Amino acid sequence: MSNNIAIDGPSASGKSTVSRMVAKLLGYVHVDSGAIYRALTLQIIRDGLAGASPEAIARHLSSVAMRFFVEEGAVRFTINDVDPGTAIRSLAVQEQVSAVAAIPEVRTWVGERLRSLTTFGNLVVEGRDIGTVVFPEATFKFYLDADPEERARRRHHEQQDLAGNAMNPVEVKRALLQRDACDQSRSTAPLAMAPGAYRIETTHMTIEDVVAQIVEKIRTVPKHRLPKAIERAGFSPFVYHFSRVFFLCYLWIFHRYATHGLKHVPREGGCILVSNHASFLDPIAVCCNIWKRHVYFLARDTLFKQSRFMKWWAIAVGTLPIDRNKGDIRALKGAINLARQGNMIFLFPEGTRTRDGHLQPVKAGIGFLIEKAGVPVVPAYVRGTFEAFPRDAHRIKFSKIVTYFGKPLTPADCAVFKGDPERHQKIADLVMARIAALDPAGGQTSVFAKATPDKS
């Protein structure tokens, strides 16, 4: 499941602008639920059903088709294969939308489509019943409000910008107050503040202040709890941080270690870190220079069987074992839950070290994990570890090691494969293409770039 943020409130309370900015800052996908209701209302008007009975409109829903996609960090859509454009903001739609939105069948129809958007990843959804009905289990809930005079002023300004001519402010205020009354008095999913929601009075606040308050509230929530499996197994933050500093010093001294693109690694929030695998040195080369974040490792279970010390150390630094010889659903679920809870996990899509220094084909399992986790995926390419300590080598050579981090692959990038029976393999191939593209020598890019499109 996605980690969703619900932002509710009456018309012109600032939901749209605030939601877009919050989504952009957090790397989430923005969803304007009101746009869906307005587009549906516009379609009903165009189909000659303006003012029709609720029963007639409910029957008409089966002839309306919406297709959703993500563009520039926000959910967009067509209705009956047509982009509704700015017509959904017209005064005619504004006057009709409350009556349409009050129809129970309409709210059910729209709610189902909103919940289907979780395939795009983490969402910031704005509306009037998002925290109460659509996503009652949202990770965070906010309710924005402002006094009617200020909201009418905002709506009048918005209407003037869209219409391109002078609008009657009295008429705009009348329509807004009428919408308020309909939203708050309807029998199905009336406008209300969700239990546990944070209320923000925006009358005398700037958009930036509101956004800052929401983001601060999200970021000051107590950090995640460790999974019980890790707590019981002897996980030790001290051992992790000591090991990280030790290996970082080792790489600096003996391998002239350097990293590029660390700005692409999120400072907070769930994410998956993936890299090529050429050597036992790869995990420390990728992770030891990532400060102020704990990186959990997904590693083959044979690592825990090499010696008592290795088992103790692997568990102490937060390594999750996985059986590569069979579908280890339990391990995959553990990794997915870690990412959903706001953690960073690291794994090798190839599963095992290369024998010749070249990237290897990947299986669909990594695509399954990425799709279900619904978090950004940060690709990394490690150069020099194969020359320093290749497979079957008995000693380490002191060659230069460099790690390159790339732009994250977002849930929206993976959502283009939705419905494709081979989507997990295509996601896995796309991940490897992103890793290959980071090779400064360009030697691996051609192997995977043709598998799937790279839109970074």
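Of the residues 391, 423, 383, which is closer than 20 Å to residue 249 by Cα and assigned by TED's automatic domain parsing to the domain that holds residue 340? Explain how you work it out, then say what you get.
Numbers: 391 fails: closer than 20 Å to residue 249 by Cα; 423 fails: closer than 20 Å to residue 249 by Cα.
Result: 383 is the single residue among 391, 423, 383 that is closer than 20 Å to residue 249 by Cα and assigned by TED's automatic domain parsing to the domain that holds residue 340.
Take the residues in the stretch 266-295 that are modelled with pLDDT under 90 and at negative phi; name whichever of them is surrounded by the fewest Cβ atoms within 10 Å (Cβ to Cβ). Give the steps one after another, and end with the answer.
Residues of the stretch 266-295 modelled with pLDDT under 90: 266-271, 291-294.
Adding the requirement that they be at negative phi leaves 266-268, 270-271, 291, 293-294.
Details: 266: 18, 267: 10, 268: 13, 270: 22, 271: 23, 291: 12, 293: 15, 294: 17.
So, considering only residues that are modelled with pLDDT under 90 and at negative phi, the one surrounded by the fewest Cβ atoms within 10 Å (Cβ to Cβ) is 267.
Pairs, please: C-beta under 7 Å, at least 6 apart or cross-chain, first residue of a type in the set (Lys, Arg) and in the stretch 344-361, second part of a loop (DSSP other than H, G, I, E, B)?
From the stretch 344-361, the pairs are 353/277; 353/278; 353/279; 353/391; 355/391.
Give me a count of the residues in the stretch 392-413 that are under 30 Å from residue 118 (Cβ atoms), in contact with a strand residue (DSSP E or B) (Cβ under 8 Å, 6 or more places away or on another chain) and not in a loop (DSSP other than H, G, I, E, B).
Residues that pass the stated criteria total 4.
Considering only the stretch 1-111, give the strands (runs of 3 or more DSSP E) lying wholly within it that have at least 3 residues that are in the same structural domain as residue 136 (by TED's automatic domain parsing) and either out of contact with any strand residue (DSSP E or B) (no Cβ under 7 Å at 6 or more places or on another chain) or farther than 26 Å from residue 149 by Cβ (or both).
The strands (runs of 3 or more DSSP E) meeting that bar are 29-32, 66-71, 74-79.
Regarding residue 435, is this residue in contact with a Cys (Cβ under 9 Å, 6 or more places away or on another chain) and assigned to a helix (DSSP H, G or I)?
So residue 435 fails the test.
Is it the case that the stretch 79-87 has a residue that's loosely packed, with under 15 Cβ neighbours inside 10 Å, within 22 Å of the chain's Cα centre (by Cα) and without any contact (Cβ under 8 Å) to a residue 60 or more places away in the chain?
Checked against the condition, which is being loosely packed, with under 15 Cβ neighbours inside 10 Å, within 22 Å of the chain's Cα centre (by Cα) and without any contact (Cβ under 8 Å) to a residue 60 or more places away in the chain, the stretch 79-87 yields no hits at all.
Has the stretch 92-106 got any residue that is under 13 Å from residue 36 (Cα atoms) and under 22 Å from the mean Cα position of the chain (by Cα)? Talk me through it step by step, then tell me what you get.
Within the stretch 92-106, the first condition is being under 13 Å from residue 36 (Cα atoms), and the residues that meet it are 93-94, 97-98, 100-101, 106.
Narrowing further to those that are under 22 Å from the mean Cα position of the chain (by Cα): none.
There is no residue in the stretch 92-106 that is under 13 Å from residue 36 (Cα atoms) and under 22 Å from the mean Cα position of the chain (by Cα).
Considering each of 24, 15 in turn, give the residue that is of a type in the set (D, E, K, R), farther than 18 Å from residue 68 by Cβ and without any contact (Cβ under 8 Å) to a residue 60 or more places away in the chain.
Criteria check complete, one pass: 24.
The values are calculated or read from the model by the stated rules, or taken from the named source; none is laboratory data. Note that the coordinates shown come from a computational prediction; the quantities given were computed from them, not determined experimentally. Counting neighbours? That spans all protein chains shown, and the Cβs are built from the backbone with ideal geometry, glycine included.
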